[in-house]
Amino acid sequence: MGASNLFIIGNGFDLAHGMATGYGDFRRWLIENNRFDVLYELQSAYPAKINEDYLLWCEFEKALGEYDLDTVINWSWENLFLTEISLGNQLFNGLIDVQLPDIIDEAFTKWVRSIQIPLRAKYNTLSRDALYLSFNYTDTLERLYQIPEQQVLHIHGRVAKGEKLIVGHNRKIDPAKYWDDDFDMRENNERMQRLTDMNDLCKPVFEIIEKCDSFFKRLGFTKDIIIFGHSLGEIDYPYYRKIKGSVSSEAIWHFNPYSADDIKRIEKFVQTIKITNYICNQI
């Protein structure tokens, strides 16, 4: 069934509930769980910084797309200064071919599983009859607000259901361009494979949209789109274009900026997506 309201939920929603869902919390979790191997490899492969700190710990997905080519091409499992890692239910060591994306996926998923949901709800404006498109992996809507599962689309996976969590970038490269005649065929093939693995971290937004088509078809009666805690990153623009094409042209978009930077992102967003019916309610 359709609904008149669509809530688009981002990480700011969980953060507003005091949940440890920031990427700085991911770094803290790695340290507290002695995952210095992952911390070291991430900061080596993704060296981009902002304000003297690694971009990873404030804009994780953006940083994933700004990896250091030389580090990734020459990445070796044997270079890890810790020699063991648990992936799934098996214990792997340096003799097993494990790629950098595997380590990201394993550590990231374990961190998300550790996030605690509070006992008390914060808002009273969330309707159980509305539809929800959540970019979050947590069950905050279902557990804290008793939103029925059928009303919520976790577009990047839901940890409580054991689904694969989708985290990634939008930088796809051609590995063949990095063939180096100074290396033999075996070494070059290994280098190309590492770059192919990094391409696998590209977020498959159009495949996701196609897979979730039944949800978007429910938006025909939507009159109000309320964006709550989502940063409106460019990597997610295709989802918004799909939403715009699925709702009535008279639907009103509601934004709730917290800062001047939020307002700038909203201005860029509405211009790019060509949205004219919108309201900004600064909190």
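The values are calculated or read from the model by the stated rules, or taken from the named source; none is laboratory data. Nothing here was measured: the structure is a model prediction, and the numbers come from that model. Neighbour counts run over all protein chains shown; Cβ positions are idealised from the backbone, glycine included. Side chains included, ligands, DNA and RNA excluded: accessible areas come from the protein's heavy atoms. Shrake-Rupley method; radii C 1.70, N 1.55, O 1.52, S 1.80 Å.
Across segment 146-157, the number of residues qualifying as assigned to a loop (DSSP other than H, G, I, E, B) and open to solvent by 20 Å² or more (accessible area, probe 1.4 Å) comes to 2. When Ala176 is tested against (1) small (Gly, Ala, Ser); (2) in a helix (DSSP H, G or I); (3) closer than 23 Å to Tyr278 by Cβ, exactly one condition is not met: (3). If you filter segment 39-54 down to residues that are in contact with an Asp or Glu (Cβ under 8 Å, 6 or more places away or on another chain) and part of a helix (DSSP H, G or I), you find that the one that is nearest to Lys172 (Cα to Cα) is Ala45.
For segment 102-140, the set of residues classified as open to solvent by less than 70 Å² (accessible area, probe 1.4 Å), hydrophobic (A, V, I, L, M, F, W, C) and either farther than 18 Å from Asp236 by Cβ or in contact with a helix residue (DSSP H, G or I) (Cβ under 6 Å, 6 or more places away or on another chain) (or both) consists of Ile103, Ile104, Ala107, Trp111, Val112, Ile115, Ile117, Ala121, Leu126, Ala130, Leu131, listed by residue number. Residue pairs whose Cβ atoms lie under 7 Å apart, separated by 6 or more positions or on different chains, with the first residue in segment 256-270 and open to solvent by less than 50 Å² (accessible area, probe 1.4 Å) and the second part of a loop (DSSP other than H, G, I, E, B), are Asn256/Asn281; Asn256/Ile283; Pro257/Gln282; Ile266/Leu232; Ile266/Pro257; Phe269/Leu232. The criterion of being under 23 Å from His154 (Cβ atoms) and either assigned to a helix (DSSP H, G or I) or among the β-branched types (Val, Ile, Thr) (or both) holds for Glu207. Contact annotation: no residue pair with Cβ atoms under 6 Å, 6 or more positions apart or on different chains, pairs a residue in segment 117-130 that is farther than 19 Å from Leu153 by Cα and without any contact (Cβ under 8 Å) to a residue 12 or more places away in the chain with a partner that is open to solvent by less than 40 Å² (accessible area, probe 1.4 Å) and among the small types (Gly, Ala, Ser).
Within segment 46-54, the presence of a residue that is touching a residue at least 40 places away in the same chain (Cβ under 8 Å) and open to solvent by 30 Å² or more (accessible area, probe 1.4 Å) is excluded. Summed over segment 15-29, the residues that are in contact (Cβ under 8 Å) with a residue 60 or more places away in the chain and over 17 Å from Val167 (Cα atoms) give a count of 7.
Taking residues in segment 174-195 that are in contact (Cβ under 8 Å) with a residue 40 or more places away in the chain, and partners anywhere that are assigned to a helix (DSSP H, G or I) and open to solvent by 50 Å² or more (accessible area, probe 1.4 Å), the pairs with Cβ atoms closer than 7 Å and at least 6 places apart or on different chains are Arg191/Tyr178; Leu195/Tyr178.
Scanning segment 209-225 turns up no residue that is exposed (fewer than 13 other Cβ atoms within 10 Å of the Cβ), farther than 17 Å from Tyr132 by Cβ and either in contact (Cβ under 8 Å) with a residue 60 or more places away in the chain or of a type in the set (Val, Ile, Thr) (or both).
Restricting attention to segment 55-87 and to residues that are open to solvent by 70 Å² or more (accessible area, probe 1.4 Å) and either more than 16 Å from the chain's Cα centre (by Cα) or more than 18 Å from His169 (Cα to Cα) (or both), the residue that is modelled with the highest pLDDT turns out to be Asp70.
Scanning segment 238-255 for residues that are part of a helix (DSSP H, G or I) and open to solvent by 60 Å² or more (accessible area, probe 1.4 Å) returns Arg241, Lys242, Lys244, Gly245.
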